[in-house]
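Novice: Got a structure here, written out as structure tokens. Questions coming.
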Amino acid sequence: MKLNSRTQFINLKKGQWIENENGIFEVTREYQELQSAIGLAEVIFDNEDGTKYHLEDENPYTTFYDVKGSYILN
């Protein structure tokens, strides 16, 4: 499903993955109204079959416009 609305953005849950031209990312912090942002960290796969991965540094101030048009993977 493509992320096209603020409602979809606000409803993203911790642990969900999204993908865009910059890579795959995991939601690390749910929507915070005060900042109008979520926490997001890039997923880096440690092996070829994708069973092991780690997260890069979190961006705690990811806005809707930063990820608009991304695909929600789960």
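The values are calculated or read from the model by the stated rules, or taken from the named source; none is laboratory data. Remember, predicted model here, so these are calculated numbers, not experimental data. Ideal geometry is used to build each Cβ from the backbone, glycine not excepted, and the neighbour counts take in all protein chains shown. Keep in mind that these areas ignore ligands, DNA and RNA; they rest on the heavy atoms of the full protein, side chains included. Shrake-Rupley method; radii C 1.70, N 1.55, O 1.52, S 1.80 Å.
Novice: Quick check, is F9 among the aromatic types (F, W, Y) and outside any strand (DSSP E or B)?
Specialist: Spelling it out, F9 is indeed among the aromatic types (F, W, Y) and outside any strand (DSSP E or B).
Novice: Shifting gears a bit: Do you know which residues across segment 43-53 are out of contact with any Phe, Trp or Tyr (no Cβ under 9 Å at 6 or more places or on another chain) and open to solvent by less than 90 Å² (accessible area, probe 1.4 Å)?
Specialist: Residue satisfying the conditions is G50 alone.
Novice: What single numbered condition from (1) in a strand (DSSP E or B); (2) surrounded by 13 or more Cβ atoms within 10 Å (Cβ to Cβ); (3) of a type in the set (D, E, K, R) fails to hold for D66?
Specialist: The single condition D66 does not satisfy is (1).
Novice: Pick from Y31, Y71: which is among the hydroxyl-bearing types (S, T, Y) and open to solvent by 80 Å² or more (accessible area, probe 1.4 Å)? First the steps, then the outcome.
Specialist: Values: Y31 fails: open to solvent by 80 Å² or more (accessible area, probe 1.4 Å).
Every option except Y71 fails the conditions.
Novice: Same structure again: Can you spot a residue in segment 4-14 that is of a type in the set (F, W, Y) and open to solvent by less than 50 Å² (accessible area, probe 1.4 Å)?
Specialist: Kept after step one, since they are of a type in the set (F, W, Y), are these residues of segment 4-14: 9.
Those left that are additionally open to solvent by less than 50 Å² (accessible area, probe 1.4 Å): 9.
Checking segment 4-14: at least one residue is of a type in the set (F, W, Y) and open to solvent by less than 50 Å² (accessible area, probe 1.4 Å).
Novice: Go through (1) of a type in the set (S, T, N, Q); (2) open to solvent by 50 Å² or more (accessible area, probe 1.4 Å); (3) in contact with a strand residue (DSSP E or B) (Cβ under 6 Å, 6 or more places away or on another chain) for N22 and report which single condition fails.
Specialist: If we test N22 against (1) of a type in the set (S, T, N, Q); (2) open to solvent by 50 Å² or more (accessible area, probe 1.4 Å); (3) in contact with a strand residue (DSSP E or B) (Cβ under 6 Å, 6 or more places away or on another chain), just (3) comes out false.
Novice: Could we say that L40 is at pLDDT 95 or above, surrounded by 13 or more Cβ atoms within 10 Å (Cβ to Cβ) and outside any strand (DSSP E or B) here? Show your work before the answer.
Specialist: Working: at pLDDT 95 or above: yes; surrounded by 13 or more Cβ atoms within 10 Å (Cβ to Cβ): yes; outside any strand (DSSP E or B): no.
For L40, the condition - at pLDDT 95 or above, surrounded by 13 or more Cβ atoms within 10 Å (Cβ to Cβ) and outside any strand (DSSP E or B) - is not met.
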